[in-house]
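Undergrad: Right, I'll just put the structure down here and ask away after.
The values are calculated or read from the model by the stated rules, or taken from the named source; none is laboratory data. Keep in mind the model is a prediction, meaning the values are calculated, not measured. Counting neighbours? That spans all protein chains shown, and the Cβs are built from the backbone with ideal geometry, glycine included.
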Amino acid sequence: MSLTVLDDDMVRSMSIGAVFSDFVGKINSIDFHRKEDLLVTASEDDSVRFYDIANAKLLKTTYHKKHGADRICFTHHPSSVICSSRHNLESTGESLRYLSMYDNRCLRYFKGHKERVVSLCMSPINDSFMSGSLDHSVRIWDLRVNACQGILRLRGRPTVAYDQQGLVFAVAMEGGAIKLFDSRSYDKGPFDTFLVGGDTAEVCDIKFSNDGKSMLLTTTDNNIYVLDAYGGEKRCGFSLEPSQTTNIEATFTPDGQYVVSGSGDGTIHAWSINMRNEVASWNSNIGVASCLKWAPRRAMFVAASTVLTFWIPDNSKLNAEPGSMDTEPATQSQHISQ
């Protein structure tokens with residue numbers, strides 16, 4: 001279903017439309033292509049999987065036993081991705097790989113990080129990308145060259161994100177500090193710093209809204225904050241059930257009006273940012289959803305744990321009462337209707 005204007009009723013009607021349960025282990029990360037109907041996943045079974053989201057169809061699976069598959073994101077090309085390594089990092093130093101899904105080739109290795117990459121994002125406007133690692137560094141790269149283009153040293157677990165225009169990037173670090181950099185002159189240092197008031201938990205995920213006006217932060221304590229991206233003021237915040245071993249992920253809807261997130265108790269929640277109220281709550285049916293993203297151009301989000309689920313509006317529920325939105329998992333063979 002192509003994206004139309006979202007409202008509370010449509011958000012409440014979201015239900016599972018397709019399920020893929022053939023993973024062996026947890027799904028580590030997921031990413032949608034910005035312009036094509038494609039999804040990529042990286043999981044603990046060392047697989048990278050490629051999906052057609054318009055038809056809920058698995059297109060391709062590749063295995064990466066030597067390096068593993070941890071964080072993943074699309075480049076601008078619909079059949080190439082950047083993937084971080086889980087295995088042999090100390091011996092090879094190959095913390096990141098530029099992969100062609102078309103012909104199963106590694107186009108380039110990127111060496112530099114000494115420990116696992118925990119945050120990865122691609123510039124929306126050029127061939128630059130950023131990685132944040134447990135070695136307390138953020139590295140800036142260019143797909144066209146092997147060498148690192150810039151390094152930021154910082155305290156704590158770094159998390160990185162570009163805004164949708166590619167002009168600004170944000171780096172979260174120890175103590176709930178968010179530093180904003182001009183992506184063209186980051187070597188001059190941050191031009192602004194925000195503090196998430198009172199919460200010193202580490203930020204494990206940052207996202208900018210499509211209009212660039214808001215930032216979405218998720219912390220290791222399962223708190224969610226929506227900040228004004230210009231002044232840093234907190235627009236709203238939500239607390240979720242803690243999860244002992246899994247960081248959760250939250251997502252903006254493409255119109256920037258709603259936030260959807262997993263929770264430590266295995267539920268999924270949606271909130272209206274402007275009204276600051278919860279719009280819907282569902283049983284995820286897959287346990288704690290550690291990966292959750294809304295598709296850029298569709299009325300669809302994907303939630304993943306050890307199982308991948310596609311959520312789409314259920315027309316039969318659009319006029320139902322909010323309290324009657326219980327969902328049941330579909331079988332793996334069910335596909336999303338176009």
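Undergrad: Out of Lys65, Lys60, report the one residue that is farther than 22 Å from His33 by Cα, exposed (fewer than 15 other Cβ atoms within 10 Å of the Cβ) and without any contact (Cβ under 8 Å) to a residue 60 or more places away in the chain. Explain how you work it out, then say what you get.
TA: Working: Lys60 fails: farther than 22 Å from His33 by Cα.
Residue meeting the stated conditions: Lys65.
Undergrad: Look at the stretch 259-280 and say how many of its residues are of a type in the set (S, T, N, Q) and within 14 Å of Ser13 (Cα to Cα). Full working, then the answer.
TA: Residues of the stretch 259-280 of a type in the set (S, T, N, Q): 261, 263, 267, 272, 274, 277.
With the extra rule that they be within 14 Å of Ser13 (Cα to Cα), the set shrinks to none.
Total satisfying the criteria: 0.
Undergrad: Considering only residues of the stretch 19-47 that are surrounded by fewer than 20 Cβ atoms within 10 Å (Cβ to Cβ) and of a type in the set (Val, Ile, Thr), which is farthest from Cys204 (Cα to Cα)?
TA: Here the answer is Val19.
Undergrad: Just a yes or no: is a residue in the stretch 271-294 within 16 Å of Leu217 (Cα to Cα), in contact (Cβ under 8 Å) with a residue 60 or more places away in the chain and either touching a His at 6+ places or on another chain (Cβ under 9 Å) or assigned to a loop (DSSP other than H, G, I, E, B) (or both)?
TA: Looking for residues that are within 16 Å of Leu217 (Cα to Cα), in contact (Cβ under 8 Å) with a residue 60 or more places away in the chain and either touching a His at 6+ places or on another chain (Cβ under 9 Å) or assigned to a loop (DSSP other than H, G, I, E, B) (or both), one finds at least one in the stretch 271-294, hence yes.
Undergrad: Does the stretch 274-286 hold any residues that are on the phi > 0 side of the Ramachandran plot and surrounded by fewer than 16 Cβ atoms within 10 Å (Cβ to Cβ), and which are they?
TA: Within the stretch 274-286, the subset on the phi > 0 side of the Ramachandran plot is 276, 285.
Selection gives Arg276 alone.
Undergrad: Still on this model: Could you tell me how many of the residues in the stretch 68-92 are under 16 Å from Ser131 (Cβ atoms), of a type in the set (D, E, K, R) and either in contact with an Asp or Glu (Cβ under 8 Å, 6 or more places away or on another chain) or surrounded by fewer than 20 Cβ atoms within 10 Å (Cβ to Cβ) (or both)?
TA: The total comes to 1.
Undergrad: Look through Lys234, Lys213 and report the one residue that is over 20 Å from the mean Cα position of the chain (by Cα) and either surrounded by fewer than 22 Cβ atoms within 10 Å (Cβ to Cβ) or not aliphatic (A, V, I, L, M) (or both).
TA: Lys234
Undergrad: Go through Tyr258, Tyr230 for me and flag whichever is touching a residue at least 60 places away in the same chain (Cβ under 8 Å) and more than 24 Å from Ser133 (Cβ to Cβ).
TA: Values: Tyr230 fails: touching a residue at least 60 places away in the same chain (Cβ under 8 Å).
The conditions single out Tyr258.
Undergrad: Here is a further query. Hey, can you tell me all the residues within the stretch 295-310 that are assigned to a strand (DSSP E or B), more than 20 Å from Lys207 (Cα to Cα) and either out of contact with any Cys (no Cβ under 9 Å at 6 or more places or on another chain) or of a type in the set (Lys, Arg) (or both)? I'd like the intermediate steps shown before the answer.
TA: So the first thing to find is which residues in the stretch 295-310 are assigned to a strand (DSSP E or B), and the list is 298, 301-304, 308-310.
Applying the additional criterion that residues be more than 20 Å from Lys207 (Cα to Cα) yields 308-310.
Hits for the stretch 295-310 are Thr309, Phe310.
Undergrad: Only one residue in Ser95, Ser137 is surrounded by 13 or more Cβ atoms within 10 Å (Cβ to Cβ) and either at pLDDT 95 or above or touching a Pro at 6+ places or on another chain (Cβ under 8 Å) (or both). Which one? If you could, list the steps in order and put the result at the bottom.
TA: On the way: Ser95 fails: either at pLDDT 95 or above or touching a Pro at 6+ places or on another chain (Cβ under 8 Å) (or both).
The unique qualifying residue is Ser137.
Undergrad: Based on this model, can you work out whether Tyr225 counts as free of Cβ contacts under 8 Å to residues at least 60 places away in the same chain and touching a Lys or Arg at 6+ places or on another chain (Cβ under 9 Å)?
TA: yes
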